[in-house]
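Beneath this line is the structure, given in structure tokens, with notes to follow.
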Amino acid sequence: MVKNVSVVENIHSANDQLAAEIRQRLDNASVFSINIMASPGAGKTSLIERTLHELAALHEIAVIDGDVATSIDADRAAEAGATAVQINTGGQCHIDANMLRIAVNELDLANFDLLLVENVGNLICPVSFQLGTHKNILIASIPEGDDKPYKYPAMYQDVDALIINKIDLLPYVDFDMAYFEKGVQLLNPDLVTFPLSCRTGEGIQAWITWLTGFINNPKTT
Ligand code: MG
Ligand code: ZN
């Protein structure tokens, strides 16, 4: 006789319960929050730096950085004007709600109106661990290639906004935008998309306008 225990199911229901608690705390404090996911090198930290550059004078922003090791990204966020908390996952390839809860405990949420969570660079499991954040953001980047929606469908299906970073590299890379967009369209027809370059600043304003539309009650005087 074999007894089957669905460990995965139990892990996810515990995670979702913690995520719901985090969402409640964020809502109670009127903090709008996003979970930024991407493969390594797509530009998560660069997008956070650009966003802080545009918004740090107008909003009180916290950044929680998940990394397998080091605090390089959190240091960059702090340098750019945010209150930054580093999560070292100890090798784990995603942030889960329990890790985020511990990091959020380090913040006095009453002082912030925007929380940016930088997930671990990975296109597979971060999307299966809800964090309680209000929007899930995916960054694709031109050098990664135009086939990513076809290869990582779950990631593209479950996000609320897609950033296509490094568009300044389009002239130098074989990236078929129509093929890429067709893949996105098949998986997530209404996905809001922001082609931009964190390096040159092109396209950043549309992203900032969309993001700031969700921020309530700016806490900066
Ligand atoms: Mg980073
Ligand atoms: Zn993982």
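Yes or no, residue by residue, for (1) modelled with pLDDT of 95 or more; (2) under 20 Å from Ile167 (Cα atoms); (3) among the hydrophobic types (A, V, I, L, M, F, W, C):
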site	(1), (2), (3)
Gln17	yes, no, no
Ala29	yes, no, yes
Phe32	yes, no, yes
Gly41	yes, yes, no
Ser46	yes, yes, no
Glu49	yes, yes, no
Leu52	yes, no, yes
Ala69	no, no, yes
Ala77	no, no, yes
**Asked** Can you name every residue in the stretch 26-58 that is open to solvent by 90 Å² or more (accessible area, probe 1.4 Å) and out of contact with any Pro (no Cβ under 9 Å at 6 or more places or on another chain)?
**Response** Asn28, Pro40, His53
**Prompt:** Among the residues of the stretch 193-200, is any more than 26 Å from Ala84 (Cα to Cα), open to solvent by 70 Å² or more (accessible area, probe 1.4 Å) and not aromatic (Phe, Trp, Tyr)?
**Reply:** no
**Fill in**
Residue count, the stretch 35-45, condition among the polar types (S, T, N, Q) and within 8 Å of ligand 1 (Cβ to nearest atom), comes to 1
**Request:** Among residues belonging to the stretch 82-93 that are open to solvent by less than 50 Å² (accessible area, probe 1.4 Å) and touching a residue at least 24 places away in the same chain (Cβ under 8 Å), point out the one that is nearest to ligand 2 (Cβ to nearest atom).
**Result:** Thr89
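One line per residue, one yes/no per condition, for (1) within 16 Å of ligand 2 (Cβ to nearest atom); (2) farther than 17 Å from Asn216 by Cβ; (3) touching a residue at least 40 places away in the same chain (Cβ under 8 Å); (4) within 11 Å of the chain's Cα centre (by Cα):
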{"residue": "Asp27", "(1), (2), (3), (4)": "no, no, no, no"}
{"residue": "Ile48", "(1), (2), (3), (4)": "no, yes, yes, yes"}
{"residue": "Ile102", "(1), (2), (3), (4)": "no, yes, no, no"}
{"residue": "Leu115", "(1), (2), (3), (4)": "no, no, yes, yes"}
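One line per residue, one yes/no per condition, for (1) of a type in the set (Ser, Thr, Tyr); (2) within 16 Å of ligand 1 (Cβ to nearest atom); (3) part of a loop (DSSP other than H, G, I, E, B); (4) buried (at least 21 other Cβ atoms within 10 Å of the Cβ):
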position	(1), (2), (3), (4)
Ala74	no, yes, no, yes
Ala78	no, yes, no, no
Ile95	no, yes, yes, yes
Ile124	no, no, yes, no
Val127	no, no, no, yes
Pro143	no, yes, no, no
Ile163	no, yes, no, yes
Asp174	no, no, yes, no
Gln185	no, no, no, no
**Complete:** Only one of (1) out of contact with any Leu (no Cβ under 7 Å at 6 or more places or on another chain); (2) not in a helix (DSSP H, G or I) does not apply to Phe180, and that is (2)
**Complete:** Taking the stretch 129-141 and keeping residues touching a Lys or Arg at 6+ places or on another chain (Cβ under 7 Å) and either in a loop (DSSP other than H, G, I, E, B) or hydrophobic (A, V, I, L, M, F, W, C) (or both) leaves Gly132, Ile139, Ala140
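The values are calculated or read from the model by the stated rules, or taken from the named source; none is laboratory data. Just so it is clear, the structure is predicted and the values come from calculations on it, not from any experiment. Cβ coordinates were reconstructed from backbone atoms using ideal geometry, including for glycine residues, and neighbour counts include every protein chain displayed. Calculation scope for accessible area: heavy atoms of the full protein, side chains included, ligands and nucleic acids excluded. Shrake-Rupley method; radii C 1.70, N 1.55, O 1.52, S 1.80 Å.
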